[in-house]
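The values are calculated or read from the model by the stated rules, or taken from the named source; none is laboratory data. This one's a predicted model, so the numbers in the text were calculated from it and none came from an experiment. Note: ideal-geometry Cβ built from the backbone for every residue, glycine included; neighbour counts use all protein chains shown. Just the protein is used for accessible areas: all its heavy atoms, side chains included, with ligands, DNA and RNA removed. Shrake-Rupley method; radii C 1.70, N 1.55, O 1.52, S 1.80 Å.
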Amino acid sequence: MRHRFGVKNKITYMTPFLAEFIGTGILVLLGNGVVANVVLTDTKGQNSGWIIITTGWAMAVYVGVIISFPYSGANLNPAVTLGLAVGGKLSWSLVPTYILAQMLGAMSGAFLVWLIYRDHFNRTVNPSLQSAAFCTAPAIRNNISNLISEIIGTFVLIFTVFYFTKAEITDTKALIGLGSVGALPVAFLIWSIGMSLGGTTGYAINPARDLGPRIMHFFLPINNKGNSNWGYAWIPVVGPLIGALLAAWIYLALK
């Protein structure tokens, strides 16, 4: 499916799959990139703190949405895709395509973070700090509490997104305009979730953002690398999906 946007007779070959792939890839590149800059050894931003990380992630989402919105609606997250499909705002036929693109994009973004920061990964002796630049881990390990944290954080994300998309827009120019203007509220939403709710698990709130980079952490060569914490890996996948379903059902009930 190709979209004809912009000047008459000018055709873009950006497909929804490619838009989700590139958008998610850049989201993870910039999001995990800010974590790498803060936690890895001898970077310019080492130890600059949580506010830098949450701000960087918010801006990463902003950039990803700007790029992909006109072509795919900028899901960039399997939980968003599932929630929108359950809520009747996305065709179920697109769900497998979107999720595959998001996973591949997240893996590609994580690879680029490793490529850029590979010397710093290799200088970092703490394997937990290395893995933090790929995937999330809880501050206190308690599977039930950690799962609840991911459910609630994702619920806030998806429930709010439904109200961002409540107006039905069919005009192409308006749609493209919403991609640039509407990306800013999404960025503030991610920023708010990170600062308020992210202290427990690192607020994955996106299965692809966590699982894709975790897979890359498992395969990439890094000095002193620890394990990829597969025993925890199901929580940032299952929690966001449950949160998305709850948000969609409650939105439909209140509609």
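Quick look at the values:
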| quantity | calculated |
| --- | --- |
| Ordering of 193-205, 56-68 by burial proxy (mean other Cβ atoms within 10 Å per residue, highest first) | 56-68, 193-205 |
| Cβ-defined net charge surrounding residue 128, 14 Å radius [Lys, Arg +1; Asp, Glu -1] | +3 |
| Distance between modelled label sites at residue 89 and residue 140, nm, 7 Å Cα→Cβ extension | 3.4 nm |
| Percentage relative contact order, the chain, counting C-alpha pairs under 8 Å, at least six apart | 28 percent |
| Per residue solvent-accessible surface (Å²) - region 10-99, probe of 1.4 Å | 38 Å² |
| Summed residue charge, Cβ within 14 Å of residue 223's Cβ, Lys/Arg positive, Asp/Glu negative | +1 |
| Environment charge at residue 233 (Cβ cut-off 14 Å; Lys +1, Arg +1, Asp -1, Glu -1) | +1 |
| Candidates 214, 118, 141, ranked by Gaussian network fluctuation over the chain, Cα under 10 Å, top entry | 141 |
| Separation between Cα centres of region 192-232 and region 82-161, rounded to whole Å | 7 Å |
| Ordering of 124-131, 33-40 by packing [mean C-beta count within 10 Å, highest first] | 33-40, 124-131 |
